[in-house]
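Single-structure report; data block below.
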Amino acid sequence: MIGVIAKPGQTAAVEEFFQLFKTPWESYREGRSYDVVITAAEEVPHVDAVLLIVFGSNPTSADAQAGVVPCSKRRGSVSDSRGSRLPIYGELLTFKPAAVAETVLTIESAVAGVRIHSSDRTLLRLGFDLFREVEHLLSVGQPLENADVPTLELHIAMLRDWILDAGVRFLEIPPVPAGYDFAVCLTHDIDFIGIRDHKFDHTMFGFLYRATFGSVRDFARKRMSLGRLLRNWRAAASLPFVHLGLARDFWLPFEWYLRVEKNLPATYFLIPFKKRAGENVAANHPKWRATAYDITDIPEWTSELTKEGCEIGVHGIDAWHSVGKGRDESRRISEVTGDLEIGVRMHWLQQDQNTYRILEEAGYAYDSTAGYNDTVGYLSGTAQVFRPIGAKSLLELPMHIQDGALFYPQKLDLSEPEAWERCEALIQNACRFGGTLTVLWHDRSHAPERFWGDFYERLVERLKTCRSWFGTAGQAVNWFRQRREVAFERVESNDGTLRTRIRYSGNVIEPPLVLRRHSADGEGESAGTRKAVDIPWSGDKEMEFRRSLGGIVDTQPAQVSSFAQ
């Protein structure tokens, strides 16, 4: 079990960190024995623990006792012995090299983390505040230059490795369903349902420019084939016939996506009110945010999407800044779908520091706005569903891959091979860390003038070759919500044996969770090996982890002591 000593005001960050790194922990209790104690406080008490981890960018009382000499403060990214680069957003304390200390983190040529072994325990001294970093990631997020780094997952991975390096066995519920490596959410922001609704407006003229002159430019840059160039010209020439109803509207999105995603659940974020640009929009051309359709214009498609197992959410207009308007937008979607649990993604990804509180008060089950307009990657440093700092029940499904960010000239402006390399890196991270890889492909991206449909089909087929669980955004959020509801309890038997009881009182979890028992170095079949035993668990019965016997068994009567989760 892990005992945690945090600074005042860090409770929310600590609790959320241990929902992401789902392992037994409690606030440190004096006089108790722990496997691991983690502290971010400057005054470090004497603890009974196999491993003591001291975080902080200021000198602590443990430094002098261990012979750790602080040097100077810096800012930047640290690297560990395994080659991982970890951005640090707060101050970072460096240390003078010492013969008694093993370096575990460096920043350039300076020492940013050390490990010291003694006869009774191992001390790790890290020059940053872990819980301050967590709070920053889940509130402010990462700048564009670090978007490719799953920073929060690296914090978890490093902590897991340090615990195992100290010879500690422990229990974890990883962020992935049993039998899978990660989850996938295919999502679509529906801003247009056809070009026929746009006559002599900026949308029509923008299409004509991009389909003609823009296509020539992309062809000259070798970003478009001759075949696509000719198809764009043909689409531009057909536009009068589309408006007259004599030719098919090539921007219609639903039939194409249902074919490509056959038997795969997807989430469609639909506009609740047409011709509303919204208020307080700090972006160029805010009037362009208004759409020519809303959900009431497409009853046949909302019915078809629901029948095919897809989810319909709110593509929010003013919900990000107004509780009342957020409720109106949610009610508008609920009246059509009949669903009471409604999720939202804001149109143009609008949000500010108050958005999570407002969305929660407006009654949304989840948000999926946390992502980049200008790049792909990890705004919050994770692919896990998380509760934003300050929220009570609202969960955030972060978004990772967006079509426009990959291909727009004003964004990354990648060629398809370059875009594939970016997406493949995110897939590999998902295989390593778990969580939910969330993909956003817009309504008309499969059609002229973009022609990003072939890339999307290839991406979907690639994800199907992985051990990935496909779910709607709501299903993924619900799975993580059930994982969050699992509680650990400290159990002390009459003979003094310590156990961890695993409790859950909700509906059956499907697909099941994984109870993972980590064995530390030297406990496997040969010294220096590590083993992890996985047990699928649907929450249908209580389980116990016996520390002394090194196994997971059905629960038995014992004295139970609850601790914070």
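The values are calculated or read from the model by the stated rules, or taken from the named source; none is laboratory data. None of these values were measured; they are calculated from a predicted model. Every residue, glycine among them, receives a Cβ derived from its backbone with ideal geometry; neighbour counts consider all protein chains shown.
Some values worked out for this structure:
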{"quantity": "Residue match in region 487-506 (condition: touching a helix residue (DSSP H, G or I) at 6+ places or on another chain (Cβ under 9 Å), hydroxyl-bearing (Ser, Thr, Tyr), surrounded by fewer than 16 Cβ atoms within 10 Å (Cβ to Cβ) and not assigned by TED's automatic domain parsing to the domain that holds SER380)", "calculated": "yes"}
{"quantity": "In region 72-101, residue modelled with the highest pLDDT [restricted to those that are of a type outside the set (S, T, N, Q) and not in a strand (DSSP E or B)]", "calculated": "LYS96"}
{"quantity": "Unique residue being touching a residue at least 40 places away in the same chain (Cβ under 8 Å), under 20 Å from LEU258 (Cβ atoms) and buried (at least 16 other Cβ atoms within 10 Å of the Cβ) when the list is PHE433, PHE470", "calculated": "PHE470"}
{"quantity": "Hey, VAL104 of a type in the set (Val, Ile, Thr), touching a residue at least 40 places away in the same chain (Cβ under 8 Å), outside the structural domain of ASP403 (by TED's automatic domain parsing) and assigned to a helix (DSSP H, G or I) or not", "calculated": "no"}
{"quantity": "Selection within region 1-13 - touching a residue at least 12 places away in the same chain (Cβ under 8 Å), over 16 Å from GLU172 (Cα atoms) and β-branched (Val, Ile, Thr)", "calculated": "VAL4, ILE5"}
{"quantity": "From the options CYS423, CYS431, residue that is hydrophobic (A, V, I, L, M, F, W, C), modelled with pLDDT of 95 or more and touching a Cys at 6+ places or on another chain (Cβ under 7 Å)", "calculated": "CYS431"}
{"quantity": "Any hit, region 439-459, residues being in contact (Cβ under 8 Å) with a residue 24 or more places away in the chain, surrounded by fewer than 19 Cβ atoms within 10 Å (Cβ to Cβ) and farther than 22 Å from ARG231 by Cβ", "calculated": "no"}
{"quantity": "Hits in region 212-269 - residues which are farther than 30 Å from ASP367 by Cβ, among the hydrophobic types (A, V, I, L, M, F, W, C) and either under 35 Å from the mean Cα position of the chain (by Cα) or in a loop (DSSP other than H, G, I, E, B) (or both)", "calculated": "MET224, LEU244, LEU246, ALA247, PHE250"}
{"quantity": "Per-region count, region 14-69, residues more than 19 Å from ALA101 (Cα to Cα), touching a residue at least 40 places away in the same chain (Cβ under 8 Å) and either part of a loop (DSSP other than H, G, I, E, B) or among the charged types (D, E, K, R) (or both)", "calculated": "11"}
{"quantity": "Residues located in region 73-101, provided they are over 29 Å from SER380 (Cβ atoms) and either in contact (Cβ under 8 Å) with a residue 24 or more places away in the chain or surrounded by 14 or more Cβ atoms within 10 Å (Cβ to Cβ) (or both)", "calculated": "PHE95, LYS96, ALA98, VAL100, ALA101"}
{"quantity": "In region 192-211, residue farthest from the chain's Cα centre (by Cα) [restricted to those that are assigned to a helix (DSSP H, G or I) and surrounded by fewer than 12 Cβ atoms within 10 Å (Cβ to Cβ)]", "calculated": "PHE205"}
